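Enquirer: Below is the structure I would like to discuss, written out as structure tokens.
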Amino acid sequence: MINRHLYLIFLMCLTLLFSSGCSSDKDRTTAMAPPGAWGTAEQIDAVTHATAYDADIDVGSNAVAVWTQYDGVRDNIWARPYMDGTGWGTAQLIEANDFNAWDSSVAVQHGVGGAVAVWQQDDGARTNIWSNRYTPGGGWGTAELIETDNAGSAQSPQVAVDANGNAVAVWYQHDGTRNNIWSNRYTPGGGWGIAELIETDNAGHAWYPEVAVDANGNAIAVWYQHDGTRDNIWSNRYTPGGGWGTAELIETDNAGSAQSPQVAVDANGNAIAVWYQHDGTRDNIWSNRYTPGGGWGTAELIE
């Protein structure tokens, strides 16, 4: 499979093209050094003798990095904030469970610098989705389990945060037969809600969701899902007043499987999704665009 991180870079390029307000849940267009100048590489993990891997970072008014690090017994989730003008803060362990934890994702609240991190963690029987929240004045809170469906393992969480601090997390989870796409939402006044299934197509496994939010807290999730013959790209949209809608197929080219979707959304709720898709001979890059007034358009080959 093509490395999914290549598509984050591709999405970053798209975001730059639409730089008049367009951003994703991972606004990687914000520079932390003067234009055209890289700083000096700096080790930011806390333990020099232990392997650290699987890092993620997001940038708002400040930045927060998260990663997985081995302590000699198990893998743990660590985080470190970056403050403009001050530099990197102190690396901190943000979970205290006695089982392996990995595959973390972080999103930063723009203009404030608060952040929400999510990850998957073993409980001895299955993997579950956990979260912790960072505030600039208070640091990290206590890690919290955000899903309780014990039918099967939950994996590959992603998170996005709007300007008001509301967060949306998505992941895939096995129900004993297949993988499905789930979500939970955090509000500053109410904490995490109840995890919710956001797709009901039971033809085959659903994998690797991604999520982005706009300035008003509307969220768009995308993922790929097997129909019994091939993988297709699906989406669902969350609105604060209406919750999740109905999952929708956003591409219909059945020549071959489509995988690894990414999504970005601007402040007005217009979204662009990209993915790669096999045409019977090779993989190509496709895209579709969502507008709040018109929904998803027609998938288009863009290379």
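Enquirer: Please report the Cα spread of the stretch 156-248 along all three principal axes, rounded to whole Å, starting with the longest.
Expert: 42, 23, 21
Enquirer: Given the rule -39500 (n - 2.57) for each run of at least 4 DSSP H residues, summed and divided by the residues of the chain, what is its mean residue ellipticity at 222 nm, to the nearest 500 deg cm²/dmol?
Expert: Dividing the helical sum by the residues of the chain leaves -1500 deg cm²/dmol.
Enquirer: Let me ask something else. To the nearest 20 debye, what charge dipole does the chain have about its Cα centre, counting +1 at the Cβ of each Lys and Arg and -1 at the Cβ of each Asp and Glu?
Expert: Around 380 debye, computed over the chain.
Enquirer: Between N270, G36, G124, whose Cα lies farthest towards the positive end of the dipole of the chain when Lys and Arg beta carbons carry +1 and Asp and Glu beta carbons carry -1, centred on the Cα centre?
Expert: G36
Enquirer: Between the stretch 107-121 and the stretch 224-280, what's the alpha-carbon centroid distance in Å?
Expert: About 24 Å separates the Cα centre of the stretch 107-121 from the one of the stretch 224-280.
Enquirer: If you roll a 1.4 angstrom probe over the protein chains with everything in place, what fraction of the accessible area of the chain belongs to carbon and sulfur, to the nearest %?
Expert: 50 percent
Enquirer: What is the Cα convex hull volume of the stretch 149-303 when expressed per residue in Å³?
Expert: It is 103 Å³ per residue.
Enquirer: Express the C-alpha Rg of the stretch 58-143 as a ratio against the empirical globular expectation 2.2 N^0.38 Å, rounded to two decimals.
Expert: Computed over Cα atoms of the stretch 58-143, the ratio equals 1.09.
Enquirer: Could you provide, to the nearest whole Å², the per residue accessible area of the chain with probe 1.4 Å?
Expert: Result: 44 Å² per residue.
Enquirer: Using only C-alpha atoms and all pairs of different ones, pull out the Kirkwood radius for the chain in Å with one decimal.
Expert: 19.7 Å
The values are calculated or read from the model by the stated rules, or taken from the named source; none is laboratory data. All figures in this text were calculated on a predicted structure; none of them were measured in a lab. Counting neighbours? That spans all protein chains shown, and the Cβs are built from the backbone with ideal geometry, glycine included. Remember, those area values only see protein heavy atoms, side chains included, never the ligands or the DNA or RNA. Shrake-Rupley method; radii C 1.70, N 1.55, O 1.52, S 1.80 Å.
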